């Protein structure tokens, strides 16, 4: 087995919307682990992608009035764009609609049939479409004729009765328990594995792996009335992406599999810790080495979810704070072992204190002082003073502790360790008072010791903040860090380097305390309680006064200094074009609306908002999932058509 490789995966994300903070967090954890292993000289494969089949996708596409493939295609560019903004350096982006994946899944299903691992029967039970989950008896307590609530998402389920293919999951119950016993570190944190073991010990039933009432999916080989259950399709992406059942990529598959780390949220643990290992056992494939299972990101103590209307848009964070600051906050403040509260105020506080003050100011003060005193290049120091020698020993101890935490995926603990060292370097620099030192040799030693410390900090911090740390390292003359095992080099080479110092703009700016987080992004609130307002009746003459007209949005752009408004230029055909302001910015990007038809109140009196005039109002509604929908005609009609 090749020990100098590292294969890491993210869950693949449902292509029903652009990425939110939760999907960014999972992908970021995978990126940090990939970069950490690159620092150690390993060859790395980092896989991410989108899950594009199943009933959930089909229903969302129908609501949008699009064919499923065109619907999922529309979300790929936002994923690629946002992942690029956040420097998520993936090797391959898989889509479950890729022809190679479809072919491999069909071959895999055929192989399982030949082995007798699959049989045809009938399924009757409850199904959660948003989670694409068949509920078991352990998932709910029946309450009369009421549909049970999904334990994962809290939404109602529907009763399904159809012919299906079943995978012999129950056959692997004892084998799974034996695997868990022999591999106690298979799931991180360990508490999650206990949940899995308890579930398996309570008894496994065979798993339904096909649907006949859903058509959007991978057709079963030799039985096209059936499509593969979306999780059977989706889980296979981890092997099909690296060449499984592809004759031209056998060498690639043998190199990369098994995965070294698979990252996911706790809500999909059962699929990855039970179904996935059982599929692999049935296919005679090795188990992945470890599952990293993180908690939920919460907003106001509530799980972040599109259905709750409290998701945070990563692009808004990127535009307001930059990628590296957000990356640092998520990794350092969101412990993987538990759910974590996301707070804009906390994000801004850590940018100002940890990044601008502790790290950025240390670098800026040191370089500025050195250049001011004519020291542009530090020589190799042969003899260190006691204070400098102690700092060096602190550095070596910190590298070992930091590395241990990183190897165990306890990234928040690693960063806590690193920041304690940054505090010590600041303390050393302040105590030495180099701005007062007249002895050139002593001054040079203090600058060199501080620079060696910053070199270590920059290299260790690179997996978390790849752009800003390269700026830091560039300012002390280090332009490349990938090559060989950089962690071993830090431990072995000692403090025997020269540095060429250059002045750069500050790494981070403090957040102005007078500018609140709400003014940057808008306040994130809990889902409001549902109330039934008193109905005020109008007569037909009042209603007849309202002109509802169909128009096409030809241009759309954001309104400066507003986190709610979009400015639309709407074509009403013979009625001309109008500028209309609509408060839908939190739900739609400008490019989401361009070219779409909608229904507008045409004869609304002009209103002035943010210094702009609006001549009408676009109609919208909140659907059952809490998502804003634009009201539009069922089929395209001529612009200017009035509703009757």
Across the stretch 38-58, which residue is nearest to residue 232 (Cα to Cα) among those that are modelled with pLDDT of 95 or more and in a helix (DSSP H, G or I)? 38
Filter the stretch 339-374 for residues that are touching a strand residue (DSSP E or B) at 6+ places or on another chain (Cβ under 9 Å) and either assigned to a loop (DSSP other than H, G, I, E, B) or closer than 19 Å to residue 264 by Cα (or both) and give the result. 339, 340, 341, 342, 343
Among all residue pairs at least 6 apart or on different chains, which show Cβ distances below 7 Å where the first residue, located in the stretch 161-179, is in a loop (DSSP other than H, G, I, E, B) and the second is crowded, with 20+ Cβ neighbours inside 10 Å and modelled with pLDDT of 95 or more? 168/117
If you go through the stretch 601-619 one residue at a time, do you hit one that is at pLDDT 85 or above, outside any strand (DSSP E or B) and under 31 Å from the mean Cα position of the chain (by Cα)? no
Of the numbered conditions (1) in contact with a strand residue (DSSP E or B) (Cβ under 7 Å, 6 or more places away or on another chain); (2) assigned to a loop (DSSP other than H, G, I, E, B), residue 580 satisfies every one except a single condition; which is it? (2)
Any residue at all in the stretch 585-600 that's assigned to a loop (DSSP other than H, G, I, E, B), more than 36 Å from the chain's Cα centre (by Cα) and buried (at least 17 other Cβ atoms within 10 Å of the Cβ)? no
Select from the stretch 120-161 the residues that are surrounded by fewer than 13 Cβ atoms within 10 Å (Cβ to Cβ) and modelled with pLDDT of 65 or more and write down the one among them that is farthest from residue 61 (Cα to Cα). 121
For the stretch 549-564, does any single residue satisfy the condition of being over 30 Å from residue 59 (Cα atoms), at pLDDT 90 or above, in contact with a strand residue (DSSP E or B) (Cβ under 7 Å, 6 or more places away or on another chain) and surrounded by 14 or more Cβ atoms within 10 Å (Cβ to Cβ)? no
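The values are calculated or read from the model by the stated rules, or taken from the named source; none is laboratory data. Keep in mind the model is a prediction, meaning the values are calculated, not measured. When we count neighbours, we look across all protein chains shown, and the Cβ atoms used for this are built from the backbone with ideal geometry, even at glycine.
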